[in-house]
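Here's the structure we're looking at; comments come further down.
The values are calculated or read from the model by the stated rules, or taken from the named source; none is laboratory data. Note that this is a predicted model, so its numbers are computed, not measured. Reconstructed Cβ throughout: ideal geometry from the backbone, glycine too, with neighbour counts over all protein chains shown.
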Amino acid sequence: MLIFPEKTCRWLLFWWLLTPLMYAHADYPPEVKAAVEQRCMVCHGCYDAPCQLKLDAWEGLQRGASKDKVYDGTRLLNANLTRLFEDAQTTEEWRAKGFYPVLDEQDPQRATILRMLELKRDHPLPDVAILPDSFDFRLDRDQQCSKPEEFDSFARDYPLWGMPYGFPGLEDAEHALLAEWLAQGAPGVPWAAPGAAEQAEINRWETFFNRPGIKQKLVSRYIYEHLFIGDLYFADLAGPARYYTLVRSRTPPGQPVDIIATRRPYDSPGSGEFYYRLQALRTSVLDKRHMPYALSDARMARWNELFFQQDYQVSRLPGYRVEVATNPFVAFRELPVQSRYQFMLDEAQFTIMAYIKGPVCRGQVALNVIDDHFWVIFTDPNVLDPDQNAEFLASQSAHMRLPGGSTNLLGSLVQWRDYAKGQRKFLKAKSAELAKLASTDVTPLDFELIWDGDGSNPNAALTVFRHNDSASVVQGLVGQTPKTAWLIGYSLLERIHYLLVAGFDVYGNVAHQLETRLYMDFLRMEGEYNFLVFMPDDQRVQLRDFWYREASPDVKEYVLGRKAYIHAPTGIDYRSDYPMAEFFQRLTPRLPGAAAPRYQPADPQFARLQTLSGKPFSYMPEVAFVQVLEEGGGESVYTII
């Protein structure tokens, strides 16, 4: 039996009475939360959870479910926003948006979610090694989102589709725990308030973000548009981390947050005064969307060094018109380029991870255009590079214009031609600048061009693994030498962020999805073009053709050719017939953490797998897990990617 202490019962009664009106700052009871996190949240923890039933927060259970899909790459119109904690705050507001209850206030025993658990208990999975085809695990499967009055029909038609769908049912103790709690009306408990030390940190950082002056306002806007997706925590405090989200609020520090919900972080916050606030993350932490970012004394000192100890002036604040807000080279042109670049480089893994992870929990559009395995390195912020030259970027800002969210498919196709034309002009200008620099011997095309992490930062080298519709980013150069590699400079890194993170809208229509997908092709090819600078002159085209074996000649021109060219020889004296492998072999000792010993196979039997390629692996899934049972009763678990 689920028994709560008397004090807890009083709180439960209070929150149960309050629930129909508003349910901010509540959480699952601890025992219930542990069971939900273990058995429910892996499927029901993201925007695109089945039927939009988000169970990563107690408020998501109270909100209920919807028949509308979040992720739909074919819709012609933008979908309505339904982000938990942002686009509605009360049960009534969510009901007005089409969400229906999975609880039953009049008869808790008839709650839809409880009946789904009982359906699985009464109809367990068939005792077979492989489930029959009647279980549909496709991401784009037709969903059965039954309202309470439709459940009996659903149960007759799909008796094996109880929750957890496609998995074994709950253990008896788990089922009894959740069933009794749901039968009581699924009461929540108050969300723990921050302690004194934590509140002091909140106050200190909110003061920092909201200091007066237009320079501070511009810097805070830049930081917000890059960190809005992060899980911020106070690294200098002892104990388990509590996470916060940086938001824009109508209310100043010291008052409850009144979030300004916009489709994108660079959309206008309205005409009134607003403030940057830290809002507690009231959802469970899921690896697929978790992007921790530390706030500390060192971080504040670093930002002060980058943005407030430099000699520059801000003459006026940029507006929020689409042509300004979607183009960071226009909006933030008065912030030092080197400071902007170093801000992203300091946490480059976070910056790259942001376009791979996210609240949707399935592969973003960007994953459709990247390889299964590649390495990422960065240009040094202190070298002469057109990507880091303020005057060059200003002259090219129109050519680096990013998609701003088209409203129709025809307009998107017309726009793409403009984007392609702009990219060609940018690449031509960049190629000319690189040739000019290389001819002066001031910037030789060698290892000195590459950021070495300032001697200690492990973000200097990254590895991206893609597995079907998901991906991961780790520090270091992991695995065998990949087919391709990217060299990223400031302008490319900034465009990746504004295209795929700040500017990507999962609720957008097919035109937006298409524009994003097509533009990301340009960015990938530009990163590969940058890398080819380091290869021997007589092997650049050969490498390009190997990377793009079935591509058209026009596509190859964006990687290397008339659109993007390199006439200067590399400054690296190669000693083997395998320049790409040799390049990284010689580069690795120069970059902190590049050797990545953490990810080297600990068992020599697994190390042999790294030498295999081609047909043997064509029968393997994108990612597999291997459990090794040891003689002493222990076990080891390996991941094969």
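If you take the residues in region 289-345 that are basic (Lys, Arg) and closer than 18 Å to Asn457 by Cβ, which one is nearest to the chain's Cα centre (by Cα)?
Arg340
Table: residues versus (1) among the small types (Gly, Ala, Ser); (2) farther than 30 Å from Asn80 by Cβ; (3) crowded, with 18+ Cβ neighbours inside 10 Å; (4) modelled with pLDDT of 95 or more.
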{"position": "Pro132", "(1), (2), (3), (4)": "no, yes, no, no"}
{"position": "Arg156", "(1), (2), (3), (4)": "no, yes, no, yes"}
{"position": "Leu170", "(1), (2), (3), (4)": "no, yes, yes, yes"}
{"position": "Ala173", "(1), (2), (3), (4)": "yes, yes, no, yes"}
{"position": "Trp181", "(1), (2), (3), (4)": "no, yes, yes, yes"}
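Where in region 42-155 are there helices (runs of 4 or more DSSP H), lying wholly inside it, with at least 1 residues that are within 19 Å of His175 (Cβ to Cβ), out of contact with any strand residue (DSSP E or B) (no Cβ under 6 Å at 6 or more places or on another chain) and among the β-branched types (Val, Ile, Thr)?
Answer list for region 42-155: 112-122.
Go through region 320-336 and give me each residue that's without any contact (Cβ under 8 Å) to a residue 12 or more places away in the chain and in a loop (DSSP other than H, G, I, E, B).
Arg321
In region 305-319, what residues are touching a helix residue (DSSP H, G or I) at 6+ places or on another chain (Cβ under 9 Å) and surrounded by fewer than 16 Cβ atoms within 10 Å (Cβ to Cβ)?
Passing the criteria: Glu305, Phe308, Gln310, Tyr312, Gln313, Ser315, Arg316, Leu317, Gly319.
Is it the case that region 220-230 has a residue that's hydroxyl-bearing (Ser, Thr, Tyr) and farther than 25 Å from Glu494 by Cβ?
Looking for residues that are hydroxyl-bearing (Ser, Thr, Tyr) and farther than 25 Å from Glu494 by Cβ, one finds none in region 220-230, hence no.
Somewhere in region 525-545, is a residue under 20 Å from the mean Cα position of the chain (by Cα), over 24 Å from Arg598 (Cα atoms) and either surrounded by fewer than 21 Cβ atoms within 10 Å (Cβ to Cβ) or not hydroxyl-bearing (Ser, Thr, Tyr) (or both)?
yes
Under 7 Å by Cβ, and 6 or more places apart or on different chains, what pairs join a residue from region 337-360 that is outside any helix (DSSP H, G or I) with one that is among the β-branched types (Val, Ile, Thr) and at pLDDT 90 or above?
Ala354/Ile229; Ala354/Val501; Tyr355/Ile496; Tyr355/Val501; Ile356/Val473; Gly358/Ile229
For region 426-456, which residues satisfy the criterion of being part of a loop (DSSP other than H, G, I, E, B), farther than 16 Å from Asp387 by Cα and touching a helix residue (DSSP H, G or I) at 6+ places or on another chain (Cβ under 7 Å)?
Correct list: Asp452 only.
Any idea which of (1) surrounded by fewer than 18 Cβ atoms within 10 Å (Cβ to Cβ); (2) at pLDDT 95 or above is the one Ala348 doesn't satisfy?
(1)
Quick one: would you say Leu286 is crowded, with 16+ Cβ neighbours inside 10 Å and at pLDDT below 95?
For Leu286, the condition - crowded, with 16+ Cβ neighbours inside 10 Å and at pLDDT below 95 - is met.
Which of the following residues is out of contact with any Ser or Thr (no Cβ under 9 Å at 6 or more places or on another chain), among the hydroxyl-bearing types (Ser, Thr, Tyr), in the same structural domain as Phe522 (by TED's automatic domain parsing) and touching a residue at least 24 places away in the same chain (Cβ under 8 Å): Tyr548, Tyr574?
Tyr574
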